[in-house]
Amino acid sequence: MAVMKMVMLVFALASFILKAILVQGWTAGHATFYGGSDATGTMGGACGYGNMYSAGYGTNTAALSSALFNNGAVCGACYQIRCDDKKVPQWCLLGKFIIITATNFCPPNNALPNDNGGWCNLPLQHFDMAEPAFLQIAKYKAGIVPVVYRRVPCKRTGGIRFTINGRDYFELVLISNVGGRGDITAAWIKGSNIEWQQMDRNWGANWQSNSYLNGQSLSFRVMSSNGRNLTMLNVVPSNWQFGQTFASSLNFK
Ligand SMILES: *[C@@H]1O[C@H](CO)[C@@H](O)[C@H](O)[C@H]1NC(C)=O
């Protein structure tokens, strides 16, 4: 009887520990870096944020492999990343971690093997980080390191930003500096003379409207991947011009 109880206790303890590990939600992957010490090479990118400072994301950014990028659906999402010091203690900065924003796509290179240059091939989970970000968790000479990572909430300063590009009847609205989940799964626009209309994702973090919006003040509603919505009224004044950026006073937490 005592043995039975002991066995059950051990099982309960083991499943408790396993659950604790799973709840933590760390996944194994790899990281490299690009863009140079001033991170100029990280400007632009497949999410379309352009200047990372204007977008609110600075140099703590990364290009994600196909397995993670999901055709741009994760643009703006935040990941906490740690160099795996159990595997390569000599290349890691011990005890350090970083939170990066997904701002770019690391394309596959199927001409190269997955373990020698084809870092971003399917199904690898890879972060090609801006150099200043990489150097906060690992040594320059390492080049590539195994990491563990998990999705975390994004903390932003100020409200969600809207940059209006395109032309008459084709507005491309770049949505940036998004807090909380950081991503956008649906977006709506309203001109002062027209009703709410849903926009379509054009590419990356760019959302498209085919309405004539010139001379109207503009409002936006966005939905994040956790299903939360935010409505921001009259973010853009009626005298807006193409190429301008406007910040709302609201953001996801
Ligand atoms: C957000 O808006 C969508 C679309 O209108 C709706 O389906 C969803 O229920 C809303 N989410 C919440 C939490 O209200």
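The values are calculated or read from the model by the stated rules, or taken from the named source; none is laboratory data. Please read all numbers here as calculations on a predicted model, not as lab measurements. Cβ: placed from backbone, ideal geometry, glycine included. Neighbour counts: every protein chain shown. These area figures cover heavy atoms from the full protein model, side chains too; ligands, DNA and RNA do not enter into them. Shrake-Rupley method; radii C 1.70, N 1.55, O 1.52, S 1.80 Å.
A compact table of results
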| read-out | value |
| --- | --- |
| Cα-based convex hull volume of the chain per residue, rounded to whole Å³ | 159 Å³ |
| Accessible-area value, residue 150, 1.4 Å probe, nucleic acids and ligands omitted, Å² | 70 Å² |
| Extension gain (nm, one decimal) between residue 241 and residue 223, 0.36 nm per residue minus Cα-Cα | 4.0 nm |
| Cα-based Rg of segment 102-212 normalised by 2.2 N^0.38 Å, two decimals | 1.42 |
| Using a Förster distance of 25 Å, the FRET efficiency for residue 249-residue 122 (Cβ separation, nearest 0.05) | 0.05 |
| Approximate spin-label separation residue 88-residue 168, in nm, with each point projected 7 Å along Cα-to-Cβ | 5.5 nm |
| Label-point separation in nm, residue 99 to residue 67, each point 7 Å along Cα→Cβ | 2.5 nm |
| Rg/Rg_globular for segment 22-146, with Rg_globular taken as 2.2 N^0.38 Å and Rg from C-alpha atoms | 0.99 |
| Relative contact order (percent, whole number), the chain, Cα cutoff 8 Å, 6+ residue spacing | 21 percent |
| Förster radius 22 Å - calculated FRET efficiency between residue 197 and residue 231 (Cβ-Cβ, nearest 0.05) | 0.95 |
| Solvent-accessible area per residue, Å², over the chain with all protein chains present [probe radius 1.4 Å] | 51 Å² |
| Linear extension gain, residue 53 paired with residue 155, 0.36 nm per residue minus alpha-carbon span | 35.2 nm |
| Distance (nanometres) between label positions extended 7 Å along Cα→Cβ at residue 185 and residue 208 | 2.3 nm |
| Sequence of 37, 192, 66, 248 from largest to smallest accessible area, 1.4 Å probe | 37, 192, 66, 248 |
| Surface share of carbon and sulfur [accessible, 1.4 angstrom probe, percent] for the chain | 58 percent |
| Helix 2-24 vs. the chain, principal-axis angle (Cα, 0 to 90°, nearest 10) | 30 degrees |
